[in-house]
Amino acid sequence: MNNILEVGDITVKFGGVTAVSGATFDINPGDLLGFIGPNGAGKTTLMRVITGIVKPDDGHVKLEGQDLSTYSINERINCGLALAQQIVQPLQEMSLLDNVALACGSAKTKSALKSMFYHDRSAERQRARELLDMVGLKEACNAMPSTLPLGYLKRMEVARALALEPKLLLLDEPLAGLNQNEAKGLADLIQSLNDNGQTILLIEHNLREVMRICPLLYVQDNGRPIAYGPAKEVMQISDVRNAYLGKAN
């Protein structure tokens, strides 16, 4: 089976501080991989390496065997990566529908000149309706972001990422800031997307929900990998329990 994503021996240094050291894991088609670790583990830095925001000092990131080392953020998106960010920043003057429709039309807006010749947004708006329905926001599609709770905006952010039709969906702490019921509902949605074939890398602090929905885990502590494999086996490793749960047994 060909990997969707291959992260190989990634090392990142900021001055004299090593933020990530030797990060290595693969994601295969259809995987739902939970990426966990305590604060300061280097999770955000590694995510930024994958998306192209941070250039590593060593190692490689490959998407379907293609080395992304020289690729810009936009080029990585065009190759099949999409990120739903932890801090949702919708366009406040646009409805949820139009926020998602804009993402659906990204191929038309790559060139400012070409975008001048596209005026019909009906196809993008229809696709946006389908995506909002998929994430449970059908009844809120015409609402403005400022009128909606965080749980709705988190789902909209997932819809915007899905609009790019990614080969790999990156979710950066989507459950952060949600109450227990909201977190469970969004976790159920993530699992449903995966059940329908979407490959997902989930960075998340909510260990309860990660353990409930993720068959696979990758764990970092102090920038170094300490475990990677089936979730139940990983959580029995003493280094993981020491680092993440603060106990040895």
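The values are calculated or read from the model by the stated rules, or taken from the named source; none is laboratory data. Small disclaimer: the values here were computed from a predicted structure and weren't measured. Virtual Cβ from ideal backbone geometry, glycine too; neighbours counted across all protein chains shown.
Specify the residue that is modelled with the lowest pLDDT; the eligible residues are those in the range 1-17 that are over 13 Å from Pro225 (Cβ atoms) and not hydrophobic (A, V, I, L, M, F, W, C).
Asn2
Answer yes or no: is there a residue in the range 147-166 that is touching a Cys at 6+ places or on another chain (Cβ under 7 Å), outside any strand (DSSP E or B) and either basic (Lys, Arg) or within 15 Å of Leu97 (Cβ to Cβ) (or both). Break it down stepwise before answering.
So in the range 147-166, the residues touching a Cys at 6+ places or on another chain (Cβ under 7 Å) come out as 163.
From what's left, outside any strand (DSSP E or B): 163.
Restricting the remaining residues to those that are either basic (Lys, Arg) or within 15 Å of Leu97 (Cβ to Cβ) (or both) gives 163.
Yes; the residues of the range 147-166 include at least one that is touching a Cys at 6+ places or on another chain (Cβ under 7 Å), outside any strand (DSSP E or B) and either basic (Lys, Arg) or within 15 Å of Leu97 (Cβ to Cβ) (or both).
Out of curiosity, is Ile190 in contact with a strand residue (DSSP E or B) (Cβ under 8 Å, 6 or more places away or on another chain) and farther than 23 Å from Glu6 by Cα?
Numbers: in contact with a strand residue (DSSP E or B) (Cβ under 8 Å, 6 or more places away or on another chain): yes; farther than 23 Å from Glu6 by Cα: no.
So Ile190 fails the test.
Name the pairs: first residue in the range 145-173 and over 16 Å from Ser106 (Cβ atoms), second residue among the acidic types (Asp, Glu) and surrounded by 20 or more Cβ atoms within 10 Å (Cβ to Cβ), Cβ to Cβ under 8 Å, at least 6 apart or on different chains?
Leu171/Glu204; Glu173/Glu204
Among the numbered conditions (1) in a helix (DSSP H, G or I); (2) modelled with pLDDT of 95 or more; (3) in contact with a helix residue (DSSP H, G or I) (Cβ under 8 Å, 6 or more places away or on another chain); (4) not basic (Lys, Arg), tell me where Val219 comes up short.
Of everything listed in (1) in a helix (DSSP H, G or I); (2) modelled with pLDDT of 95 or more; (3) in contact with a helix residue (DSSP H, G or I) (Cβ under 8 Å, 6 or more places away or on another chain); (4) not basic (Lys, Arg), Val219 misses just condition (1).
Let's see how each residue does on (1) under 22 Å from the mean Cα position of the chain (by Cα); (2) surrounded by 18 or more Cβ atoms within 10 Å (Cβ to Cβ); (3) modelled with pLDDT of 95 or more:
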residue	(1), (2), (3)
Ala82	yes, yes, yes
Leu96	yes, yes, yes
Ser106	yes, no, no
Ala123	no, no, no
Thr147	no, no, yes
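Let me confirm something: among Lys62, Lys55, which residue is under 18 Å from the mean Cα position of the chain (by Cα) and either within 30 Å of Arg129 (Cα to Cα) or not hydroxyl-bearing (Ser, Thr, Tyr) (or both)? First the steps, then the outcome.
Values: Lys55 fails: under 18 Å from the mean Cα position of the chain (by Cα).
After ruling out the rest, the residue left standing is Lys62.
When you check Asn74 against the structure, is it more than 17 Å from the chain's Cα centre (by Cα), assigned by TED's automatic domain parsing to the domain that holds Phe14, of a type outside the set (Lys, Arg) and over 21 Å from Gln198 (Cβ atoms), yes or no?
Values: more than 17 Å from the chain's Cα centre (by Cα): no; assigned by TED's automatic domain parsing to the domain that holds Phe14: yes; of a type outside the set (Lys, Arg): yes; over 21 Å from Gln198 (Cβ atoms): yes.
Criteria not met by Asn74.
For the condition surrounded by fewer than 20 Cβ atoms within 10 Å (Cβ to Cβ), part of a strand (DSSP E or B) and in the same structural domain as Val12 (by TED's automatic domain parsing), what is the one hit in Ile200, Ile226?
Values: Ile200 fails: surrounded by fewer than 20 Cβ atoms within 10 Å (Cβ to Cβ).
Of the residues listed, the single one that is surrounded by fewer than 20 Cβ atoms within 10 Å (Cβ to Cβ), part of a strand (DSSP E or B) and in the same structural domain as Val12 (by TED's automatic domain parsing) is Ile226.
Residues of the range 118-146 being part of a loop (DSSP other than H, G, I, E, B) and aliphatic (A, V, I, L, M), which ones?
Within the range 118-146, the subset part of a loop (DSSP other than H, G, I, E, B) is 118-121, 135-137, 141-144.
Correct list: Val135, Leu137, Ala143, Met144.
For the range 169-197, how many residues meet the condition of being closer than 13 Å to Gly136 by Cβ and part of a strand (DSSP E or B)?
Looking only at that region, the number is 0.
Within the group Leu207, Leu178, Leu217, which residue is more than 22 Å from Arg155 (Cβ to Cβ) and in the same structural domain as Phe14 (by TED's automatic domain parsing)?
Numbers: Leu207 fails: more than 22 Å from Arg155 (Cβ to Cβ); Leu178 fails: more than 22 Å from Arg155 (Cβ to Cβ).
Exactly one residue qualifies, and that residue is Leu217.
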